[in-house]
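Down below is the structure, laid out as structure tokens.
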Amino acid sequence: MINRRKTREIYVGNVKIGGDAPIVVQSMTDTKTHNIEETLNQINRLANAGCEIIRVAAPTEADALALPEIVKNSPIPVIADIHFSPRIAFLALESGIHGIRLNPGNINDKAKIKEILQECKNKNIAVRLGVNSGSLEERLLEKYGYPSGEALAESALYWSEFFESVGFTNFKVSIKGSDVLQNIEANKIFAEKTDVPLHIGITEAGGKEKGSIKSAVGLGILFYLGIGDTVRVSLTADPEEEVKTAYQILQSLGIRRRGVEIISCPTCGRIEVNLPKVVEQVEEKLKDVKSPLKVAIMGCVVNAIGEAREADIGLACGNKSAILFKNGQPLKRVSEDEMVDELLKEVQNMENIDKK
Ligand code: SF4
């Protein structure tokens, strides 16, 4: 049982973060933001994959000037990612944007940050206060010698207190290090001391395979500790992979369900059907199903009947055939050649029932 840390709630557009809201999945576009058409196409694809908030980079004035059109046409709330430049921040705040991300450590001008926060308050725009190991303040690097978890947490607490001291509370914090343990430690220290909602992620995690594993380990531990109100999995890959991976992590912990969860056995010498092929075909054919669905595909009778019974739908395979289960009940015996089609037919029936 996971006990989520109690946090205050904020809104990014119409999406609630913190409080009793589900953990929100977000991602970031990798298009040039000033290329409005490509950026909106990618946002639409990501929203379709389940992304609930999108962040876009705004490194130049041209990017900031593209924001009004992007915000107007995006199906999900948009956050502008601002680094170094208060001028770009003010431009973004004129665009109708739902949130901005700032790393105060790389602006490092309290008067300017205060002005930005005042404007965010006037316009009801949420802020993500970012602390990254790569942009930690000099004084903390001197104090700790390197960006340790403690140093990152101290920076996040320092800037949170500054935000609150100027009367701004509509913010969440992200503390990101590329080292998993440092990341966990920093988030843990921060979480114990405040009720500010946390955006979690393992930054610069790597490509699809290694990055997903690193993210699953780090984020899995944080979620288990009850930490994390919104998540972005950072991968050097198509952002749609980030969204899929985020749901897979949440799903593995029983926190959120979306789409198909396949439970399949690892196979062994008892196997009597080509299970990897069956699993691959089912995964491919069901990849666009959005409603939560547990599908068990087991290689032989040892665990098959029990697992298939626990799932919404399942195949308990045997000698070149399988028993098809639905809602825990055996439906019929199907041959190896027809098992995938029969399973898909039943999934379709279930989806139609859901829609009625
Ligand atoms: S379900 Fe059967 S085939 Fe699959 S791993 Fe277990 S014993 Fe082996």
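Can you tell me the FRET efficiency between GLU272 and GLU9 if r is taken as the Cβ-Cβ distance and R0 is 56 Å, rounded to the nearest 0.05?
The formula returns an efficiency of 0.60 here.
Eight or more residues apart or on different chains, and alpha-carbon atoms under 19 Å: count the Lys pairs in region 260-355 matching that.
22
How would you rank MET28, MET350, MET1, MET298, going from fewest to most other Cβ atoms within 10 Å of each one's own Cβ?
MET1, MET350, MET28, MET298
Determine ³J(HN,Hα), in whole Hz, for all residues of region 131-146 in sequence, where each value follows from phi through the Karplus function 6.51 cos²θ - 1.76 cosθ + 1.60 and θ = phi - 60°; x replaces Gly and Pro.
Calculated HN-Hα couplings, in order: 10, 10, 4, x, 10, 6, 5, 3, 4, 7, 5, 5, 5, 9, x, 7 Hz.
As a footprinting exposure proxy, order TYR146, TYR224, TYR158 by other Cβ within 10 Å, with the fewest listed first.
Placing the least packed residue first, the sequence is TYR146, TYR224, TYR158.
Taking K and R as +1 and D and E as -1, what net charge do the other residues with C-beta under 12 Å from the C-beta of LEU222 add up to?
Here the charged neighbours net out to +2.
So how much slack lies between VAL166 and ILE262, counting 0.36 nm per residue of separation and subtracting their Cα-Cα distance, in nm?
Computed gain between VAL166 and ILE262 is 29.6 nm.
Tilt of helix 149-165 relative to the longest C-alpha principal axis of the chain, in degrees (0 to 90, nearest 10)?
With both axes taken from Cα atoms, the answer is about 60 degrees.
If you average 1/r over all unlike Cα pairs in region 222-356 and invert the result, what Kirkwood radius do you get in angstrom?
With all distinct Cα pairs of region 222-356 included, I get 15.9 Å.
Taking every Cα atom in the chain, find the radius of gyration and the maximum pairwise distance Dmax, and write them in Å.
When restricted to the Cα atoms of the chain, Rg and Dmax are 23.1, 74 Å.
Going by alpha carbons, how many degrees (0 to 90, nearest 10) lie between the helix axis of 239-252 and the longest principal axis of the chain?
Rounded to the nearest ten degrees, it is 70.
Placing +1 on the Cβ of each Lys and Arg and -1 on the Cβ of each Asp and Glu in the chain, which of PHE223, PRO266, GLY149 has its Cα farthest towards the positive end of the resulting dipole?
Sorting the options by dipole projection puts first PHE223.
I'd like the orientation of helix 36-48 relative to the chain: the angle between its Cα long axis and the longest Cα principal axis, in ° from 0 to 90, rounded to 10.
In the chain, helix 36-48 runs at an angle near 50 degrees to the longest axis.
Projected onto the charge dipole of the chain (+1 at Lys/Arg Cβ, -1 at Asp/Glu Cβ, origin at the Cα centre), which of ASN3, VAL340, ASN122 gives the Cα projection farthest towards the positive end?
Checked the options; the winner is ASN3.
Springs between alpha-carbon atoms under 10 Å, Gaussian network over the chain: tell me which of ASN103, ASN35, ASN124 tops the mean-square fluctuations.
ASN35
Among bridges DSSP assigns within the chain, what percent are antiparallel (round to 5)?
30
Amide H to amide H under 5 Å from ARG55: which residues, 5+ apart in sequence or cross-chain, H placed 1.01 Å off N in plane?
SER27, MET28, THR29, ILE79
Considering only the other residues whose Cβ falls under 15 Å of the Cβ of LEU117, what net charge follows from Lys and Arg at +1 and Asp and Glu at -1?
+3
Under a plain spin-label model, where a point goes 7 Å from the Cα along Cα-to-Cβ, how far apart in nm are PHE90 and LYS332?
If labels sit at PHE90 and LYS332, their model points lie 7.1 nm apart.
Loop only by DSSP, 13 or fewer other Cβ within 10 Å of the Cβ. Give me the trypsin sites (Lys or Arg not before Pro) in region 1-72 that pass, ordered by residue number.
Those satisfying the criteria are LYS6.
Looking at region 212-356 only, what percent of DSSP beta bridges run antiparallel? Nearest 5 please.
The antiparallel fraction comes to roughly 55 percent.
Suppose R0 equals 30 Å. What FRET efficiency, 1/(1 + (r/R0)^6) with r the Cβ-Cβ distance, do ASP20 and LEU344 give to the nearest 0.05?
It comes out at approximately 0.25.
Just so you know, all these numbers are worked out from the coordinates, no wet-lab data involved. Please read these numbers as outputs of a predicted model, since none were measured by experiment. A quick note on method: Cβ atoms are made from the backbone with ideal geometry, for glycine too, and the neighbour counts reach across all protein chains shown.
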